[in-house]
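The values are calculated or read from the model by the stated rules, or taken from the named source; none is laboratory data. Because the structure is predicted, anything quoted here is derived from the model rather than measured. Virtual Cβ from ideal backbone geometry, glycine too; neighbours counted across all protein chains shown.
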Amino acid sequence: MATVQVSEAEKVYIMHGVRDDLRVDGRGCEDYRHMEIETDVVSNTDGSAKVTLGHTAILVGIKAEIGKPRPMVADEGFLEFFVDCSANATPEFEGRGGDELGTELSNTLYKVFNNRNSIDLRTLCISPGEHCWVLYIDVLLLQCDGNLFDAISVAVKAALFNTRIPKVHISEDEEGGKEIELSDDPYDCMRLNVENVPCIVTLCKVGHRHVVDATLLEKACSEGGRGSLDPESIFEMTETGKRVGKALHAPLMEVLQKEESLGKKRQKVGFLG
Amino acid sequence: MAGLELLSDQGYRVDGRKPSELRKVQARMGVFAQADGSAYIEQGNTKALAVVYGPHEVRGSRSRTLHDRAVINCQYSMATFSTAERKRRPHGDRKSSEMSLHLKQTFEAAVLTQLYPRSQIDIYVKILQSDGGNYSACVNAATLAVIDAGIPMRDYVCACSAGFVEDTPLADLCHAEESGGGTSLALALLPRGGQIALLQMDARLHQDHLDTLIEAAMTACKGLSDVLDSVVRQHLQEVSVLTRDLGVCFSASPCISVRKPPALYLL
Amino acid sequence: MPVDTKRVRGPDESQSPLIFLPKSAQKVVPKEGREDGRQRGQTDVRPVFARCGLVSQAKGSAYIEAGNTKLMCSVYGPREIERKDETDMKSGRLFCDFRFAPFSCQKRGAWIQGSEEKDFSLALLESLRPGVCLHKYPRSQIEVNVMVLENDGSVLAHAVTCASLALADAGIEMYDLVLGCSLRQDGATYLIDPTFPEESGSCVADNAENQGSVTVALLPSLNQVSGLQSDGEMGEETLVDAVRACIEGCHKLYPVVQQALIKSVRRKAPPPEN
C-alpha cells in the first residue's frame, strides 16, 4: 500500500471535483475502476479467482476439506476465512506486520459471507453431526491500491462460483461403521449456488458527497476513512450502496457465466497477460 | 525408490521428460505497478511471484545499516493454498525462514550491493503453487524482479534442482521426484562466469557421482539463463516500443542495468 | 502468553453441557413480548447503573451495568508513546483493548485475546476516536481497557458508553460523550438492547426475513454517528429504522451517564460546605 499524502490544494481540487461528480481519474461518483476477473488460476485448489481493481490485486484460493460440524449446528458445514497480507503488497506487512489487517479483514468477511441466504451451508453437510465440508477461503493480497473490501468480496464470490466440491458417497458396513468414498470421476462434483452471495460496497464520504471505490488519494481526503457521520448521510449512503451493489451483481454474474461457457477453449492468462 | 518408478526402462521420467529436459518456463516482468520491480514465473506447475522494493533507506533498526554496501532483505512465503495439503501459516515457520536465508545469501552474491551503501533492498517471494523446485523458481523470479527494478547485478542468477536416479542425473525435479526420497541438489549459478552462488544437497550420494550431478544442474541452469535472457529482452522490446526513447544500456561489463524511464510508471 | 500452569485445565476440546440439552428443555424466547417485561418494537433500554472511579490506580475508570451485562473500563494516559517509531507529532494515539473475562460468557473463554475480542477492540477504537480531541495530546498514547465481567447481550454498545465515561473521568478532553446502543431485528419488529439469548437468536422465528443486529455509537450533542455495525440480513428500510431506533436508545442513556459524571466530579472536587 503506497502511503499517500495529500496537500491542502490537492484536497480542495479533489473535493470540488467530487462535488461536480467528476473525479480525478474521470469517473463519476458511483463508478468503479476497471476491474478484471479470472477464475481457475491456481490448479491445485478447488476454486480460485484473481481480481484486479485499479492497482489492487487479489488472489483467492478455496480448498474444501472434510471436517467435523460445529456442535451447535450439526447439519451444516462452515466457512473459514484467512487473509494473508503478504509483504508483496507492501514492505510494512513484512513479518507479522500484516496480521492486524488480516484479522480485521477475515472477521469482516466471516460476518458478511456467513449469512443464511448467502451460501446454503446445509449443502456442505455430509452426514449430520459427523462429517461436513469445510471451505477454507484463503485471500492473498498481492497489491493494495484502496478499496480492499470490495475487491476481496468480488474475488471471493468469483472463487466460490468456480469451486467444485467432489461428490462423496457414504457406505455403511454391517457393524454400522460409516465410510466415506470419494467419487472417482473428477467431473462428478457439486457446485455452489452463488446467486445470493453478497458483494461489499464501500462508500467514502468526501466533502458533502460520497464516492464508490475510493482511491487512496480520495480516502486520504475523507479523514483517512475514520471519523463520524450524521445519521442522514448514513441513510443516503446505504441507499447508494444498495443501488450500486445491485448494479455490480448483475454484470459480475454475467461475466462469470460467460467465462464458464468458454470451457476448455479459454486461454488462461493468469499473471502472464 | 518408494513404489513409484522415477525413470522408465526407455529412459523417460514420470511426466514424460528426458533426464536432462527442463519443464516449460513462462515468465513475465513488471507484473505490478506499485513495486519497484516485480516478476512472475511458471516452471511447469510451480508458480512464483517476486517483488522488489528498493534500494531505499534502511527500515526499522538503524543498527542493521551497512556502511559499505546495501542490506538485502528477503522474505519467502507460500500461499496457504499452494500445496496439496492446506498450509496453516504462509510464512514464519522454520522451512520458510531457512529459504529466506538461502535467498538472501544467493542475492548477496549476485547484486552489486557496494553501489548502494547505507541502503536496503527488499526481495519478497511468494509461491502461489508448489510442484517441486520452489527454491529455483524463487531465485529465477527474484532475478527477473531485481532486473525489473533496475538494480545492477553481476549476472543473471539462475537456479535449478537436480536429482540422481539409477545412475542418471535428472534436471529440474517435480514434486513427485523430489519427494521420492532420492538425492536432490539445488544450485544457483552465475552462468557467464560459471560461478556458483549457492549449492545445497541433502541425502546420500557417492562422491564419484557428485561431479556429474553438479554438471547436470549447471547445464540446466545455463539453459534457464537463456530463457530468462529472452524474457528480459522481450520485455525491453515491449517497453521500448511503448516509450520510444529507451533508457537501456547493456554496458560492456557483464553487469546488466536497466533504467526505467519515469514515464513508464504511468503506463 | 499468560498460561496458568497451576490451574487444572479442561481438555483441549470440550463443550459446554448446555448445548446437549434437548430442544424442549432449552429456554425459548417468547415470540411476543420479552422475558424481562419490556415490549418489542419500543426503545425501552434496560435500566442502567453507571459509576466512575472504581479503579484507583487508573487515570479514569467506569463501571456499567445494564440488566445482567456488567463491564468495567479503565483508562491510562496520556503518556509518552511506547513504540518510538509510531510517534505522531501532530496527534495522540488511542489504543483500545477489549476482553471478555473467561467466566463472563456461557462458554468459558481463554485469557488470550480471541479474534472476536480483537474485532470488538477495533470497533471500540473506531467508535471512540472521533469523540476524543487527540490533537491535544501530541506524541502521547491513551489506553482504554475494557473488561466484560458478565455478558448478557449488547456488550459492544455498553463498552462504548462505559469507555467514554472512563475517558471523561480521566479528564481527557473530548468533543462529546460517545454512547452505544444495539438492537436485534426480528422480522418486522425489533428488540432493543437485547439480552444474550435474544441476541444469539436461537430463539427467533426461523426462515423469516430481516434477521440481524445493529450496533450504533452516537455522539449525542453533535448528533454524529461514530460507529455502525450491522450483522445479518435486512432490507434497507428496516436498517434505516433500526439505526433510528438505536439513536433514540442512545439518547435514553444520556441523562444516566451525565448524572454519573456529575457525581464523580462532585466527589473529586466537593462543592464548598457553605
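I'm trying to understand the selection: among the residues of region C:212-256, which are of a type in the set (Val, Ile, Thr), more than 18 Å from residue C:175 (Cβ to Cβ) and touching a Leu at 6+ places or on another chain (Cβ under 6 Å)?
Keep residues of region C:212-256 that are of a type in the set (Val, Ile, Thr), which gives C:214-216, C:225, C:238, C:240, C:243, C:247, C:256.
Checking which are more than 18 Å from residue C:175 (Cβ to Cβ) leaves us with C:214-215, C:238, C:240, C:243, C:256.
Within region C:212-256, C:214, C:215 meet the criteria.
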Subject >> Unmet requirement for residue C:29, which otherwise passes all of (1) in a loop (DSSP other than H, G, I, E, B); (2) loosely packed, with under 10 Cβ neighbours inside 10 Å; (3) at pLDDT below 75; (4) not charged (D, E, K, R) >> reply: (2)
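Got at least one residue in region A:66-78 being over 20 Å from residue A:148 (Cα atoms) and away from every other protein chain (no Cβ under 14 Å)?
Taking region A:66-78 as the starting set, the residues that turn out to be over 20 Å from residue A:148 (Cα atoms) are A:66-78.
Subsequent filtering for residues that are away from every other protein chain (no Cβ under 14 Å) retains A:77-78.
Looking through region A:66-78, at least one residue is over 20 Å from residue A:148 (Cα atoms) and away from every other protein chain (no Cβ under 14 Å).
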Original post:
Has region C:82-95 got at least one residue that is at pLDDT 90 or above and under 28 Å from residue C:266 (Cα atoms)?
Top reply: yes
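Condition check ((1) β-branched (Val, Ile, Thr); (2) buried (at least 23 other Cβ atoms within 10 Å of the Cβ); (3) away from chain A (no Cβ under 13 Å); (4) on the phi > 0 side of the Ramachandran plot) across all residues:
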position	(1), (2), (3), (4)
C:162	no, yes, yes, no
C:213	no, yes, no, no
C:224	no, no, no, no
C:237	no, no, no, no
C:269	no, no, yes, no
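Taking region B:45-68 as the search range and keeping residues that are surrounded by fewer than 21 Cβ atoms within 10 Å (Cβ to Cβ) and within 11 Å of chain A (Cβ to nearest Cβ), which one is nearest to residue A:45 (Cα to Cα)?
So, considering only residues that are surrounded by fewer than 21 Cβ atoms within 10 Å (Cβ to Cβ) and within 11 Å of chain A (Cβ to nearest Cβ), the one nearest to residue A:45 (Cα to Cα) is B:45.
Can you tell me how many residues within region A:139-180 are polar (S, T, N, Q) and touching a Phe, Trp or Tyr at 6+ places or on another chain (Cβ under 9 Å)? Break it down stepwise before answering.
We begin by selecting, within region A:139-180, every residue polar (S, T, N, Q); these are A:143, A:147, A:153, A:162-163, A:171.
With touching a Phe, Trp or Tyr at 6+ places or on another chain (Cβ under 9 Å) added as a condition, the list becomes A:143, A:147, A:153.
Matching residues across region A:139-180 total 3.
Out of A:170, A:180, A:152, report the one residue that is among the hydrophobic types (A, V, I, L, M, F, W, C), more than 25 Å from residue A:252 (Cα to Cα), touching a residue at least 60 places away in the same chain (Cβ under 8 Å) and not in a loop (DSSP other than H, G, I, E, B). Outline the logic, then answer.
Details: A:170 fails: touching a residue at least 60 places away in the same chain (Cβ under 8 Å); A:152 fails: more than 25 Å from residue A:252 (Cα to Cα).
Of the residues listed, the single one that is among the hydrophobic types (A, V, I, L, M, F, W, C), more than 25 Å from residue A:252 (Cα to Cα), touching a residue at least 60 places away in the same chain (Cβ under 8 Å) and not in a loop (DSSP other than H, G, I, E, B) is A:180.
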Original post:
Since residue A:92 meets every condition but one in (1) touching a Gly at 6+ places or on another chain (Cβ under 8 Å); (2) within 14 Å of chain B (Cβ to nearest Cβ); (3) surrounded by 18 or more Cβ atoms within 10 Å (Cβ to Cβ), which condition does it not meet?
Top reply: (3)
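Residue-by-condition table, conditions (1) away from chain A (no Cβ under 14 Å); (2) closer than 30 Å to residue C:12 by Cα; (3) touching a helix residue (DSSP H, G or I) at 6+ places or on another chain (Cβ under 8 Å):
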{"residue": "C:57", "(1), (2), (3)": "yes, no, no"}
{"residue": "C:60", "(1), (2), (3)": "yes, no, yes"}
{"residue": "C:70", "(1), (2), (3)": "yes, yes, no"}
{"residue": "C:94", "(1), (2), (3)": "no, no, yes"}
{"residue": "C:107", "(1), (2), (3)": "no, yes, no"}
{"residue": "C:110", "(1), (2), (3)": "yes, yes, no"}
{"residue": "C:115", "(1), (2), (3)": "no, yes, yes"}
{"residue": "C:127", "(1), (2), (3)": "no, no, yes"}
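Residues of region A:188-238 being part of a helix (DSSP H, G or I) and without any contact (Cβ under 8 Å) to a residue 24 or more places away in the chain, which ones?
Taking region A:188-238 as the starting set, the residues that turn out to be part of a helix (DSSP H, G or I) are A:216-221, A:223-225, A:231-238.
Those that are part of a helix (DSSP H, G or I) and without any contact (Cβ under 8 Å) to a residue 24 or more places away in the chain: A:223, A:224, A:225, A:231, A:232, A:234, A:235, A:238.
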**OP:** Given the conditions (1) part of a helix (DSSP H, G or I); (2) more than 24 Å from residue C:43 (Cα to Cα); (3) among the hydroxyl-bearing types (Ser, Thr, Tyr), report the number of the one that residue C:161 does not fulfil.
**Re:** (2)
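Report, by residue number, each residue of region C:63-81 that is of a type in the set (A, V, I, L, M) and part of a strand (DSSP E or B). Steps first, answer last, please.
First pass over region C:63-81, keeping only residues of a type in the set (A, V, I, L, M): C:64, C:66, C:71-72, C:75, C:81.
If the condition is that a residue be of a type in the set (A, V, I, L, M) and part of a strand (DSSP E or B), then C:64, C:66, C:71, C:72, C:75 are the ones that fit.
When you go through A:119, A:152, A:170, A:62 one by one, which is the residue that is modelled with pLDDT under 90, of a type in the set (Val, Ile, Thr) and in contact with a Leu (Cβ under 7 Å, 6 or more places away or on another chain)?
A:119
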Original post:
Hey, among the residues in region B:11-26 that are more than 8 Å from chain A (Cβ to nearest Cβ) and outside any loop (DSSP other than H, G, I, E, B), which one's farthest from the chain's Cα centre (by Cα)?
Top reply: B:13
Original post:
Does region B:141-160 include one or more residues that are farther than 26 Å from residue B:237 by Cα, small (Gly, Ala, Ser) and in contact with a helix residue (DSSP H, G or I) (Cβ under 6 Å, 6 or more places away or on another chain)?
Top reply: no
Original post:
Can you name the condition, by its number, that residue A:266 falls short on among (1) surrounded by fewer than 18 Cβ atoms within 10 Å (Cβ to Cβ); (2) within 14 Å of another protein chain (Cβ to nearest Cβ); (3) of a type in the set (Lys, Arg)?
Top reply: (2)
**OP:** Output the residues belonging to region A:14-54 that are out of contact with any Gly (no Cβ under 8 Å at 6 or more places or on another chain), exposed (fewer than 14 other Cβ atoms within 10 Å of the Cβ) and either of a type in the set (Phe, Trp, Tyr) or within 14 Å of another protein chain (Cβ to nearest Cβ) (or both).
**Re:** A:25, A:36, A:43
Subject >> Residue tally, condition under 19 Å from residue C:218 (Cα atoms) and small (Gly, Ala, Ser), over region C:90-132 >> reply: 4
**OP:** Output the number of the condition that residue B:38 fails; it satisfies all remaining conditions of (1) within 10 Å of chain A (Cβ to nearest Cβ); (2) surrounded by 14 or more Cβ atoms within 10 Å (Cβ to Cβ); (3) assigned to a loop (DSSP other than H, G, I, E, B).
**Re:** (3)
**OP:** Return only the number of the condition from (1) among the hydrophobic types (A, V, I, L, M, F, W, C); (2) over 16 Å from the mean Cα position of the chain (by Cα); (3) at pLDDT 95 or above that residue B:141 does not satisfy.
**Re:** (2)
Original post:
Which of the residues spanning region B:69-88 are surrounded by fewer than 24 Cβ atoms within 10 Å (Cβ to Cβ), in a strand (DSSP E or B) and of a type in the set (S, T, N, Q)?
Top reply: B:73
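Identify, please: which residue in region A:126-149 is assigned to a loop (DSSP other than H, G, I, E, B) and more than 13 Å from chain B (Cβ to nearest Cβ) and is, among those, nearest to residue A:44 (Cα to Cα)? Reasoning before the result, please.
Keep residues of region A:126-149 that are assigned to a loop (DSSP other than H, G, I, E, B), which gives A:128-130, A:144-147.
Retained after the next criterion (residues that are more than 13 Å from chain B (Cβ to nearest Cβ)): A:128-130, A:147.
Values: A:128: 28, A:129: 29, A:130: 26, A:147: 28 Å.
This residue is A:130.
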**OP:** Test residue B:201 against the stated conditions and say whether it is aliphatic (A, V, I, L, M), outside any strand (DSSP E or B) and either within 20 Å of the chain's Cα centre (by Cα) or at pLDDT 90 or above (or both).
**Re:** no
